[in-house]
1. Across the range 33-75, what is the total count of residues that are part of a helix (DSSP H, G or I) and either of a type in the set (S, T, N, Q) or touching a residue at least 40 places away in the same chain (Cβ under 8 Å) (or both)?
2. Could you check, for the range 5-21, whether at least one of its residues is touching a Lys or Arg at 6+ places or on another chain (Cβ under 8 Å) and modelled with pLDDT under 95?
3. Could you tell me how many of the residues in the range 22-56 are modelled with pLDDT under 95, aromatic (Phe, Trp, Tyr) and surrounded by fewer than 16 Cβ atoms within 10 Å (Cβ to Cβ)?
4. Do any residues in the range 19-31 that are in contact (Cβ under 8 Å) with a residue 40 or more places away in the chain and within 14 Å of Lys52 (Cα to Cα) have Cβ atoms under 6 Å from those of residues that are assigned to a helix (DSSP H, G or I) and hydrophobic (A, V, I, L, M, F, W, C), where the two are at least six apart or on different chains, and which pairs are they?
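The values are calculated or read from the model by the stated rules, or taken from the named source; none is laboratory data. Note that the structure is a prediction, hence the values are computed from the model and not measured. Glycine gets a Cβ as well: all are built from the backbone with ideal geometry, and neighbour counts include every protein chain shown.
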Amino acid sequence: MLMFKVVGFLFLAAGFGTVFSAKNLVRKFNLDSKTRCDFEHEMNEEEMNQYKFDKAAVNVKMYGMLVSIPGLVLVLMAFR
């Protein structure tokens, strides 16, 4: 059970760390430039850049939550 607790907390820490540092990760790795926008003709340049940044940040946060879910399950199993 101790192994479940340790691995679970590692997954939780990695996932929530990714969620909380999503904006910094997007800036550091320039992920907003790799994001697609399907309706570019409806926005001006500033709105499009903000949209791409927000979309990349939300995607990083979703990946972080997907990493933390197995950790949450392991922690719930270990402390049951």
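1. We begin by selecting, within the range 33-75, every residue part of a helix (DSSP H, G or I); these are 33-34, 40-42, 45-75.
Going one step further and asking which of them are either of a type in the set (S, T, N, Q) or touching a residue at least 40 places away in the same chain (Cβ under 8 Å) (or both), we end up with 33, 49-50, 59-61, 63-75.
So the answer is 19.
2. Step one: list which residues in the range 5-21 are touching a Lys or Arg at 6+ places or on another chain (Cβ under 8 Å), which gives 18-19.
If we keep only those that are modelled with pLDDT under 95 too, we end up with none.
Scanning the range 5-21 turns up no residue that is touching a Lys or Arg at 6+ places or on another chain (Cβ under 8 Å) and modelled with pLDDT under 95.
3. Residues in the range 22-56 being modelled with pLDDT under 95, aromatic (Phe, Trp, Tyr) and surrounded by fewer than 16 Cβ atoms within 10 Å (Cβ to Cβ): 1 in total.
4. Hits for this filter: Ala22/Ala57; Ala22/Val60.
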